[in-house]
There are 6 protein chains.
Amino acid sequence: MIYITRKEHFCASHKLYVQEWSEEKNREIFGKCSNPNGHGHNYSIYVTVKGEVDSKTGFLINLKIISKLIQDYILEKIDHKDFNLDVEFMKGIIPTTENITREIWRKLEGPINELSCQLHCIKLQETEKNYAEYYGE
Amino acid sequence: MIYITRKEHFCASHKLYVQEWSEEKNREIFGKCSNPNGHGHNYSIYVTVKGEVDSKTGFLINLKIISKLIQDYILEKIDHKDFNLDVEFMKGIIPTTENITREIWRKLEGPINELSCQLHCIKLQETEKNYAEYYGE
Amino acid sequence: MIYITRKEHFCASHKLYVQEWSEEKNREIFGKCSNPNGHGHNYSIYVTVKGEVDSKTGFLINLKIISKLIQDYILEKIDHKDFNLDVEFMKGIIPTTENITREIWRKLEGPINELSCQLHCIKLQETEKNYAEYYGE
Amino acid sequence: MIYITRKEHFCASHKLYVQEWSEEKNREIFGKCSNPNGHGHNYSIYVTVKGEVDSKTGFLINLKIISKLIQDYILEKIDHKDFNLDVEFMKGIIPTTENITREIWRKLEGPINELSCQLHCIKLQETEKNYAEYYGE
Amino acid sequence: MIYITRKEHFCASHKLYVQEWSEEKNREIFGKCSNPNGHGHNYSIYVTVKGEVDSKTGFLINLKIISKLIQDYILEKIDHKDFNLDVEFMKGIIPTTENITREIWRKLEGPINELSCQLHCIKLQETEKNYAEYYGE
Amino acid sequence: MIYITRKEHFCASHKLYVQEWSEEKNREIFGKCSNPNGHGHNYSIYVTVKGEVDSKTGFLINLKIISKLIQDYILEKIDHKDFNLDVEFMKGIIPTTENITREIWRKLEGPINELSCQLHCIKLQETEKNYAEYYGE
């Protein structure tokens, strides 16, 4: 059992805001993250898959395939976008690091597990100081 | 003559868009950066000042003073904000890395040059792959 | 179950030295780390907590709360300090990366587990080449 | 139980190529990595060991010992070398990140487990975007 | 006058070797870098251009154009290649960091100076510890 | 004219303190940096030299020579030491980043300028956020 990880980058904007709360309550809970016009980040996403090494190729899985899945299922939909307004799979979900991480797992789990490996972990780094990890359970 | 640099971080959203151009022209020139709802970045700002070292303190200038000026004149106005909608000093200026860098120089030049040092360079890093530098001329 | 991590920085000095050993024995075991006047590091501390995401806020826990606990229980006591002379909770404990990591766990475990999450891991990076991790058991 | 990690660097060249495949098949599977004269990387290797902290020294294990084992068993044989042509322990094994990682585990497992700690993980970073991890099973 | 920089990555192999010298002399001067089968690096290349900001677009120059020139004139020819065997523009030139840096300048100077900006600096980072810079004179 | 840079690391402790000032004045000026038992940092030092490339070796200067000079003249005296108590060449000089940078220049200028290159810049990074540069004038 070996684990390999592919890191990709994207940038996006978001704001943290609960519709049914007052401006004050939002500010109290989310601070500057609730500013009405939003802000943004350079995100790094780490996709870790696990499985057996193919004895012929020496690959668990060709990382170009993983990279293309990340591109097609994720980056295509969120890179240079606004999480609150533009991203179908985040509709109705507040775009915290935790929630984005879990939704990325849900988008990638199917396509990756059809390959010769299993999705093991999604790690999403929002700033140099904050990141989330999700293992699917 | 010695040079010292203070690095600070902020995150903000922006879009690159020329009002009087068509959607197509904007997309042709700015690509994904013209997406209507914007996107964002973790920016790093490097402020370099120069001058003589004070023989008593061994400081060119106490970097806490520089840090506070950056906080008060810049970060207070742009951190967790949208460059197109929220930032007074960027009004009417398209928020490219080049333009933000030059406007930050203009905001900091006065207050820093009143101290015992001179502003030497503003460097603004927008992504791991792109940055701008401005030396005031 | 999701994991989120907050990274903080501090700088401190220390030396590695066993009182009852000779200078030579200390040098043999600890090398330059036993130099009598000590040396220091820029440390990075990573605090990982785990738990369920709150469906309202989208947060496992507001990272500002974690950041404040790290500030109050840890950084307040060790930042810009000497581990051998200034730090109450390291009294009588040789300040290796391993020991500092474990003592930080002990200080943070109580206050964090009172929140809506559990402490999962303390990682302490001493240099670009060395770090320790502790999971509480 | 505490975990400590030592990171080391080396640079090496390799190519990914299955002898019995045609040039075309190799290019289809390995892309530019199959270029006939090879290419190379700055690799980072992270060796994580686990065990109990010695109450006298405060060390799980002196990292200089781990560093020396990595030097003698691994770096000596691969640093500034070509994985396909120069490295005894990679003979007949295609030098993917996965395979190198596993073979490094096999070389280090014996000597490290003779010490007061156990080998826990080998992580090998090939580029800023790709790395593999192996836990020995 | 503003300066903008685009960073790109590539990986390549090389060896440092003067044909007319003995094996011993080569080893004395170049050390492990003269190993007969070569080794390799992950290189980072920083291309800095300077000029006036276009008041319409806010760009000195669209960095995608710079990125494409780097791709076409440089990366296409050196990425995943061997500097001693595969690279036309390094023929007869020993592939030290200094020489590669200068030859990259020579390849890019023409195409960049035809744009609305001037090439200012090529910086080539070979390892975390070594880099060269060339300003064209 | 080409520029090459060698980066090295060291760790050391220091405190910022003017003997003839009161405790209060020291705290007012230097803040936590004046704590009586000191603190420390992982420093990075960048030594940049300039000159002509040797057409035979392709080197401006063999970086191993620069590395050894840094080792012998600087690191030997400051690595794992206390700047206030242990370092001959800092005697009577308050160990700010500015002053350490300038004294390192003074120690290296002679030996480097005897080689086939000239010392161009010393850059000293004290924390991720602060660094100084000195060009000798």
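The values are calculated or read from the model by the stated rules, or taken from the named source; none is laboratory data. Since we're looking at a predicted model, the values are computed, not measured. Positions of Cβ are generated from backbone atoms using ideal geometry, with glycine treated the same way; all protein chains shown enter the neighbour counts. SASA here: full protein model, heavy atoms, side chains in, ligands and nucleic acids out. Shrake-Rupley method; radii C 1.70, N 1.55, O 1.52, S 1.80 Å.
Given the structure, is E:LYS81 closer than 21 Å to B:GLU128 by Cβ and touching a strand residue (DSSP E or B) at 6+ places or on another chain (Cβ under 8 Å)? So E:LYS81 fails the test.
Residues in region A:6-19 that are free of Cβ contacts under 8 Å to residues at least 60 places away in the same chain and away from chain B (no Cβ under 14 Å): A:GLN19 alone. Counting the residues of region C:113-123 that are within 9 Å of the chain's Cα centre (by Cα) and surrounded by fewer than 23 Cβ atoms within 10 Å (Cβ to Cβ) gives 1.
Residues that are open to solvent by less than 30 Å² (accessible area, probe 1.4 Å), over 12 Å from the mean Cα position of the chain (by Cα), more than 22 Å from A:SER44 (Cα to Cα) and touching a residue at least 24 places away in the same chain (Cβ under 8 Å) do not occur anywhere in region B:20-43.
Of all the numbered requirements in (1) crowded, with 18+ Cβ neighbours inside 10 Å; (2) closer than 27 Å to B:THR127 by Cα; (3) touching a strand residue (DSSP E or B) at 6+ places or on another chain (Cβ under 9 Å), A:SER67 misses one, and that requirement is (1).
Being facing chain F (nearest Cβ under 9 Å), touching a Lys or Arg at 6+ places or on another chain (Cβ under 9 Å) and over 29 Å from E:TRP21 (Cα atoms) is true for just one of E:GLU137, E:GLU128. Which residue is that?
Among E:GLU137, E:GLU128, only E:GLU128 is facing chain F (nearest Cβ under 9 Å), touching a Lys or Arg at 6+ places or on another chain (Cβ under 9 Å) and over 29 Å from E:TRP21 (Cα atoms).
Scanning region A:88-112 for residues being open to solvent by 10 Å² or more (accessible area, probe 1.4 Å) and either modelled with pLDDT under 95 or assigned to a loop (DSSP other than H, G, I, E, B) (or both) gives a total of 4. Only one entry of E:VAL49, E:VAL53 meets the criterion of being touching a His at 6+ places or on another chain (Cβ under 7 Å) and either buried (at least 18 other Cβ atoms within 10 Å of the Cβ) or not in a strand (DSSP E or B) (or both), and that entry is E:VAL49.
When each of F:ILE65, F:ILE122 is tested for being out of contact with any Pro (no Cβ under 9 Å at 6 or more places or on another chain), among the aliphatic types (A, V, I, L, M) and touching a residue at least 60 places away in the same chain (Cβ under 8 Å), the lone residue that passes is F:ILE122.
Scan (1) within 30 Å of C:GLN19 (Cα to Cα); (2) open to solvent by less than 50 Å² (accessible area, probe 1.4 Å); (3) without any contact (Cβ under 8 Å) to a residue 24 or more places away in the chain for the single condition D:LEU60 breaks and write down its number. For D:LEU60, the exception is condition (3). Condition test on D:LYS64, is it among the basic types (Lys, Arg), out of contact with any Cys (no Cβ under 9 Å at 6 or more places or on another chain) and either in a loop (DSSP other than H, G, I, E, B) or more than 14 Å from D:CYS117 (Cβ to Cβ) (or both)? Taking the combined requirement at face value, the residue does not satisfy it.
F:HIS80 fulfils the conditions (1) out of contact with any Cys (no Cβ under 9 Å at 6 or more places or on another chain); (2) at positive phi except for a single criterion, (1). Only residues that are within 14 Å of chain F (Cβ to nearest Cβ) and more than 26 Å from C:GLU109 (Cβ to Cβ) were counted in region C:30-77, giving 11.
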